[in-house]
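J.: First the structure, which I've put down as C-alpha cells, then a few questions once you've had a look.
What follows is calculated from the coordinates using simple rules that are stated; it is not laboratory data. Bear in mind the structure is a predicted one, so any value in this text is a computation, not a measurement. Glycine also receives a Cβ, built like all others from the backbone with ideal geometry; neighbour counts cover every protein chain displayed.
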Amino acid sequence: MIMTSPQQSAADPFVLGPPPTGRLVTTVDELVVRAPAQRIFEVAAAVEHWPAYLPHYRYVRFRESRRDGGGIVEMAANRPFGPFNWPTWWLSEMAVNREVPWVRFRHIGGVTTRMDVEWSFTPVDGGTLTRIVHVWDGPNWPLIGPFAATQVIAPVFVHGIASRTLAGLAKVAERHT
C-alpha cells in the first residue's frame, strides 16, 4: 500500500476530464440537496468519512494522496438485497476541483475498471442539484460483458449504491447547514 505521510508532499492531481460520451452505459443519479453547493461538495469530496455516514460503505482507504484532496482511493460497499448484502469493491483515481466544484473518479480496479464518474454541484432554488454520472463500456467479458453491464451491473449495483450514497450524504449536508 502506498501512503503519503504529512512530511511528504503529495503528488500532482490526476487530470480527469468530464465523463466521455458515447459509452455503452450512462447512469445518472441526482437529487436537490437542501444545502449550499459548497457544503454538499465538501461532504462528497471527503470520501474517507463516507463509512461514518453511510451504513452500506464498508471502508474507504487512500492508497496515495494528491494535492487536490484526491488520489488513489480504494472503496468497498455493500449492495443490500433485503436482509442480505452483496459486497462490492473498486479502486479509483480521484480528482477534486474546488473552484468549479466537481469530484471525478476513474475506476482502475475491480469489475468496473475503466468506468468514469463525475459528481457535480449546481446551485438551484432551494439548494444544490447534486448529480452523479457514471459512464462505462462494461467489463471485458466475452459475450456477456455488454449484457452484464446494461442489465445487472449498472442498474442494480451502480445505481443501487450511488442512489444510497447520494441520499445519505445529502442528509449529512442538510443537517449541517
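J.: Within a 10 angstrom radius of the beta carbon, how do Tyr53, Tyr59 rank from fewest other beta carbons to most?
T.: Tyr59, Tyr53
J.: Based only on other Cβ atoms within 10 Å, what is the fewest-to-most ordering of Ile40, Ile108?
T.: With the sparsest Cβ surroundings first, the list reads Ile108, Ile40.
J.: Does a label point 7 Å from the Cα of Arg63, set along Cα-to-beta-carbon, have any residues of segment 101-140 with amide nitrogen under 11 Å, and which are they?
T.: Under 11 Å, as judged by backbone N against the label point of Arg63, lie 108-110 of segment 101-140.
J.: Fewest Cβ neighbours within 10 Å first, please rank His49, His134 accordingly.
T.: Going from least to most buried by this count: His49, His134.
J.: Let me ask something else. With label points built 7 Å along Cα→Cβ from the Cα atoms of Asn140 and Lys171, find their separation and express it in nm.
T.: Between Asn140 and Lys171, the simple spin-label model gives 4.0 nm.
J.: So, one more: Just the C-alpha atoms of segment 76-126: what Rg/Rh do they give, with Rh taken as the Kirkwood radius?
T.: Reported Rg/Rh, Kirkwood definition of Rh: 1.13.
J.: Need one number: nm distance between label points at Phe84 and Thr113, each 7 Å from Cα along Cα→Cβ, rounded to one decimal.
T.: It works out to 2.7 nm between the two label points.
J.: Another question, then. Excluding Ile132 itself, what net charge comes from residues whose Cβ is under 10 Å from its Cβ, given Lys and Arg +1 and Asp and Glu -1?
T.: Combined, the nearby Lys, Arg, Asp and Glu give -2.
J.: What are the semi-axes of the equivalent ellipsoid for segment 1-97, taken as the square roots of 5 times the Cα gyration tensor eigenvalues, largest first, in whole Å?
T.: Value: 24, 19, 16 Å, ordered largest first.
J.: Between Tyr53 and Thr26, how many nm apart are label points set 7 Å from Cα along the C-beta direction?
T.: 2.7
J.: Calculate the length of the line joining the C-alpha centroid of segment 22-47 to that of segment 101-177, in whole Å.
T.: Here the answer is 8 Å between Cα centres.
J.: Output the Cα-based Rg and Dmax of the chain in Å, rounding Rg to one decimal and Dmax to a whole number.
T.: Considering the chain through its Cα atoms, Rg and Dmax are 15.9, 49 Å.
J.: On to the next question. Would you mind calculating the relative contact order of the chain from Cα pairs under 8 angstrom and at least 6 residues apart, reporting the percent as a whole number?
T.: Value for the chain: 29 percent.
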